[in-house]
Amino acid sequence: MYDQTRAQQPADRDQNRTERRPAAPDALLPSEERDAVLDRLRKAINTFADAPHDALEEAEGAFDDAAAHLANALAERRRALHEAWQDQDPEAHGEELRLALRQYRELTQRLIRM
């Protein structure tokens, strides 16, 4: 059955246009490290037809580089987060502690989604 009253109401998506979307999370790897890994991966893909074994070795090296860079970036992020709250007085800096907890949660959720 056609509902004329509902049909005349603005669409829900028009209301959502004014809402701000959350900012994208910071990249875990600096752009130069990310670009170097992606260049190695592209090289592997582009050389696969002529030299599959060499291409796979290059792809494996790109993966190893990405994993090493990621491990280093995560260790640095953890160190910075830990230093931010480690010596704080829980009552005097409650907001900073909540922010640290939120950052741990967001980073952990990103890791789980990988």
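FYI, it's all coordinate maths here, none of it is from the lab. The structure presented is a predicted model; accordingly, all values stated were derived computationally and were not measured. For neighbour counting, all protein chains shown are included, and Cβ atoms are generated from backbone atoms with ideal geometry for every residue, glycine included.
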Report summary line: Output for segment 38-91: chymotrypsin sites (Phe, Trp or Tyr not before Pro) sitting in coil per DSSP, at most 11 other Cβ within 10 Å, listed by number, reads none
Query raised in the report: Once phi is turned into ³J(HN,Hα) by the Karplus curve 6.51 cos²θ - 1.76 cosθ + 1.60 with θ = phi - 60°, what whole-Hz value does each residue of segment 55-61 show in order, with x for glycine and proline?
Result: 5, 5, 5, 5, 5, 5, x
Query raised in the report: What does the convex hull of the Cα atoms come to per residue for segment 28-113, in Å³?
Result: 87 Å³
Report summary line: Simple spin-label estimate for Arg79/Asp39, 7 Å along Cα→Cβ, in nm, reads 2.6 nm
